[in-house]
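Report on the structure given below.
The values are calculated or read from the model by the stated rules, or taken from the named source; none is laboratory data. If you're wondering where the values come from, they're calculated on a predicted model, not measured in any experiment. With ideal geometry, Cβ positions are generated from the backbone for all residues, glycine too; neighbour counts draw on all protein chains shown. Surface areas here come from the heavy atoms of the whole protein model, side chains and all, with no ligands, DNA or RNA. Shrake-Rupley method; radii C 1.70, N 1.55, O 1.52, S 1.80 Å.
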Amino acid sequence: QVQLVESGGGLVQAGGSLRLSCAASGRTFSSPVMAWFRHSPGKEREFVALIRRTSGSTFYVDSVKGRFTISRGNADNTIYLQMNSLKPEDTAVYYCAAGRVVTALGDGVDYWGKGTLVTVSS
């Protein structure tokens, strides 16, 4: 089992920044890919970014490229999502996910966190 705990959400004005964290514990070696998804009311769940913890390679949805950065901690099983130039349309509950293979559709996700709310005011 892997446990994922997100933190760092909150209320921010448009143009501002937030950094989300996701701390993983348990059998983390079984889930080398970690990702962020988000879900807004009335919308489908959306892939945001993923990182392969061993290689550090990353992948982003087009709408956040150049604004968001996913990264991994050096010595712990934590990943981060630095979000800059936030827009009202970024408002959502952000979920951390982990699995051996994670796709943009959410296939392959073995574990989900409970989410952290990000609200961007205009």
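For SER7, are the conditions met, namely being farther than 12 Å from ASP90 by Cα and at pLDDT below 95?
No: the conditions fail for SER7.
Given the criteria more than 16 Å from TYR111 (Cβ to Cβ) and of a type outside the set (A, V, I, L, M, F, W, C), does GLY73 qualify?
yes
Scan the range 93-122 for residues that are surrounded by fewer than 17 Cβ atoms within 10 Å (Cβ to Cβ) and in contact with a helix residue (DSSP H, G or I) (Cβ under 8 Å, 6 or more places away or on another chain) and jot them down.
ARG100, ASP110, SER121, SER122
Residues that are without any contact (Cβ under 8 Å) to a residue 40 or more places away in the chain and within 11 Å of the chain's Cα centre (by Cα), at least 2 per element: which strands (runs of 3 or more DSSP E) completely within the range 11-122 meet that?
46-52, 68-72
Out of ASP62, ASP90, which single residue is open to solvent by 10 Å² or more (accessible area, probe 1.4 Å) and of a type outside the set (Gly, Ala, Ser)?
Selected residue: ASP62, the only one of ASP62, ASP90 that is open to solvent by 10 Å² or more (accessible area, probe 1.4 Å) and of a type outside the set (Gly, Ala, Ser).
Return yes or no: is ASP110 of a type in the set (Asp, Glu) and farther than 21 Å from ALA24 by Cα?
So ASP110 does not fit the description; no.
Might you check whether a residue that is of a type outside the set (Ser, Thr, Tyr), in contact with a Gly (Cβ under 9 Å, 6 or more places away or on another chain) and under 15 Å from SER7 (Cα atoms) occurs anywhere in the range 45-68?
no
Can you tell me which residue in the range 65-78 is most open to solvent (accessible area, probe 1.4 Å), limited to those that are at pLDDT 95 or above and not small (Gly, Ala, Ser)?
Checked the range 65-78; the qualifying residue most open to solvent (accessible area, probe 1.4 Å) is LYS65.
State all residues of the range 35-59 that are of a type in the set (Val, Ile, Thr), surrounded by fewer than 16 Cβ atoms within 10 Å (Cβ to Cβ) and modelled with pLDDT of 95 or more; if no residue qualifies, say none.
THR58
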